[in-house]
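Worksheet: one structure, shown below.
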Amino acid sequence: MPIKLLHKTKSRARFGYEGSVDPLLLRVAIDSLPNVIDVRINGIIKSIIISYEGSLDQIQNQISDILKSNEIKSQNKSKKDSYIALRSEIPSSSEVVRAASALAIAPFLRSPGLSLSFSLLASFPLLKSGLKETFSEGITSRSLEAAAVAISLYLKDYKAANSTNFMLTLGEYIEELTMYKSDDLIKELAKQKGGMAWVESITDSKVTLRQIPSDDIQIGDIVVVGAGDTIYIDGHIIDGEALINQISMTGEATPASKSRGDRVLSGTIVQEGKIKIWAEAVGDHTATNRIKSYIQSTLDERSNQELTASKMADSLVPITLSLAGLSYAMTGELVRAASVLQADYSCALKLTTPVAFKSAISSAAKEGIIVKGAKSLESLQLSEIFVFDKTGTLTNGDLEVLKVHSFHQDWDANQVLNLAASIEEHYFHPVAQAVVRAAKENNFDHFHHDEVTFIVAHGVKSEVGKKSVVIGSRHFLEDDECISFKEHSKEIDEILKNGDTPLFIGFDGKLLGVILLKDTIRPNSKEALKRLKKSGVKEFIMLTGDSKSKAKAIAKELGIANYYAELLPTDKAKILDEIMLKAAKHGQKVAFVGDGINDAPALVRADIGIGMHKGADIAKASADVVLLRDDIEAVADARDLAISCLSKVNNSFKVTVGVNSLILILASLGKLSPIQTAIAHNGTTIALLLNALRRIRINKRDG
């Protein structure tokens, strides 16, 4: 796809391009280039304007490569398919200046021909696009606007023509700025570029540091990050302590203290301290890039509200045209017809709704909540039944050690705990972290051991004094490692009768002991449920694999009437199907909140799936809403935000229809001139857009 340099200065350049591309996706792609400071795309004249630093030739080649890629190619969507393409023309400030110049100069020109020339030159883009849309799509709001200006020019009322054109051009320019403003989050994420990172490496048995591009970091690398540095990967801290500024990812203004075992996210910044991070997710798989893809995937998704507004706007165009024709037929006044033609509903109806949704998605992100599209917000607002997976949602998911049982007379409980902690300290699973934490609280005495082997979803293995150590589930020890439980089966049954989480330890081929762990209810779970209920949620349901007695106790403490206990991982989606089938009969929508790998099917099937912060990646990928902070109240925040967004949309809808209907009636009766109609109509649209753009703030303690 050819690209041509049209003009350049030391820090600014303008290119022309050919072919069909999506202007917004092109802007996001160019915005992410390392030496591009700012970018602006004009889709109608196919130009790219950039502010840059460094080599322009290199940037030109990079833009050329972007234009050749399939990611930014236009999908040839009709205007009914995407609100991004509401305008085939993306106005620039130069058009506003041109329209304003004609409005200012025309009254001082004595020659009618010169006045006509100035006015035609200023309004040519509007007339051209109006004519083009009429032939390609039929009568649209653009056609009506162009017709209104054309009538004023025909009547030689250049003041009306130039005033109307100026108001329309100014309105469009502000609309464009508003749409771009509502994309701030996308631009911000797109600008999060890589850099250089320090990585530990072993050379001649010595640990050394080498600096490499962040794009070259591999999973398993040890990345060293100091004060003032950006974290480019997702991972766990294996050494050091630091204060980390997470505002770009979680919305938390106060830096968070992080130390060994804590998880850190890409895009955050070390404010104080120095840490070593074991890289778990790199490149496109980091939280920053996943969120960027989530947000970008929402651009072409339209809610039912948007579709309704768009269809209504299109259906009202013939009414406006008919009223203009009727007004002219009854009075013979073309001026009155020109006034009526400008009082259309299209701009306000079609633009304020998507801007409100995008603004709400941006507001949510600033609260540490990623919403994957307008439909997700709509479904969240409509959901009246909330189903919670217990562990990691209503409870902390951070286990604590209750008791340690030894099955060998030569080993006391503390020694069993120390042995398990010595192996588990190399693992970042919640169970492992709980064991290590408990050992440190009891004067941790470390056992020297060989290399640790992780068996996914089972446990860990190592050797101490050339004797095998196996830690994990009963299935792992008994079935996979052939360690007999027969001798202690009755004792184990008695130990596990309360439904606590067991971690078995095998040593030298024999069962050595078991560590019991317990999950605790989040301190603000009750408050979150209280806020959800106040927001209109009719029913709460809890799903858990716990015993019935334990599930009953937790449900009672939280005030949840309905719960399902002793569930296998595969049971959750089936139970959810039953709940949704019953809810559908009453016209209700169901939200599911979960965090585990086994929650992914339920998150996909629910009307709205909400993935918790500490959840598995597959759970987050399956969810419609992803929480970036470990806080159950974020679920209530998300619902409050969805309700506020839909309320704003509905109010804007009512104001748009009411005010524009009044303008239309007054224009039809000859009470408004074309200039007055243009001011009233465009002023209303701009006011509604600015209101739609306003950030939604959540009162988190109103319950």
*Mind ranking Y564, Y158 by accessible surface for me, highest first, 1.4 Å probe?*
Y564, Y158
*According to the Cα gyration tensor, what semi-axes, each the square root of 5 times an eigenvalue, does the equivalent ellipsoid of segment 510-613 have, listed from largest to smallest in whole Å?*
26, 18, 13
_Surface accessible to a 1.4 Å probe, L516 within the full protein complex, Å²_ = 10 Å²
*Let me know the shape class of segment 419-463, please: from the alpha-carbon gyration tensor, a ≥ b ≥ c as square roots of the eigenvalues, rounded when a/c is under 1.5, otherwise prolate if a/b is greater than b/c, or oblate.*
oblate
*Relative contact order %, segment 458-571, counting alpha carbon pairs below 8 Å whose residues are six or more apart*: 18 percent
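Over the Cα atoms of segment 457-566, compute the convex hull volume and normalise it per residue, giving Å³. Present the calculation step by step, with values, prior to reporting the outcome.
Values: hull volume 13.7 nm³, N = 110.
It comes to 124 Å³ per residue, whole-number rounded.
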_Highest average packing first - 381-389, 605-613, Cβ atoms within 10 Å_ = 605-613, 381-389
_Counted charge near V270, where neighbours are those whose Cβ lies closer than 13 Å (Asp, Glu -1; Lys, Arg +1)_ = -1
*asked:* Between E491 and K534, what's the calculated FRET efficiency when r is the beta-carbon distance and R0 is 51 Å? Round to 0.05.
replied: 0.60
_Average Cα contact separation per residue, segment 343-475, under 8 Å, 6 or more apart, as relative contact order %_ = 13 percent
_Using 31 Å as the Cα-Cα cut-off, could you pick out the over-long pairs in K8/K366; K366/K574; K403/K589; K358/K556; K375/K572; K403/K548?_
K8/K366; K366/K574; K403/K589; K358/K556
*Show me 538-546, 632-640 ranked by packing, highest mean number of other Cβ atoms within 10 Å first.*
632-640, 538-546
*Protein-only accessible surface order, largest first, of L33, L131 at 1.4 Å*: L131, L33
_Please report the spacing between the Cα centers of segment 404-427 and segment 490-509 in Å, no decimals._
13 Å
_I'd like the projected area of segment 89-167, averaged over all directions, using the convex hull of its alpha carbons. Report it in nm² with one decimal._
4.9 nm²
*Linear extension gain, L402 paired with S64, 0.36 nm per residue minus alpha-carbon span*: 115.5 nm
*Kindly identify segment 467-523 as rounded, prolate or oblate by the Cα gyration tensor criterion: order the square roots of the eigenvalues as a ≥ b ≥ c, call it rounded if a/c is under 1.5, otherwise compare a/b with b/c, prolate if a/b is larger, else oblate.*
prolate
*Under 1.5 on a/c is rounded, so check that first for segment 365-469, then, if it is not, pick prolate when a/b is larger than b/c and oblate when it is not; a ≥ b ≥ c are the square roots of the alpha carbon gyration tensor eigenvalues.*
prolate
*For W411, W198, write out the residues from largest to smallest accessible area, computed with a 1.4 angstrom probe and no ligands counted.*
W198, W411
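The values are calculated or read from the model by the stated rules, or taken from the named source; none is laboratory data. Keep in mind it's a predicted model, so treat the numbers as computed, not measured. Positions of Cβ are backbone-derived with ideal geometry, glycine not excepted, and every protein chain shown enters the neighbour counts. Only protein heavy atoms, including side chains, enter the accessible area calculation; ligands, DNA and RNA are left aside. Shrake-Rupley method; radii C 1.70, N 1.55, O 1.52, S 1.80 Å.
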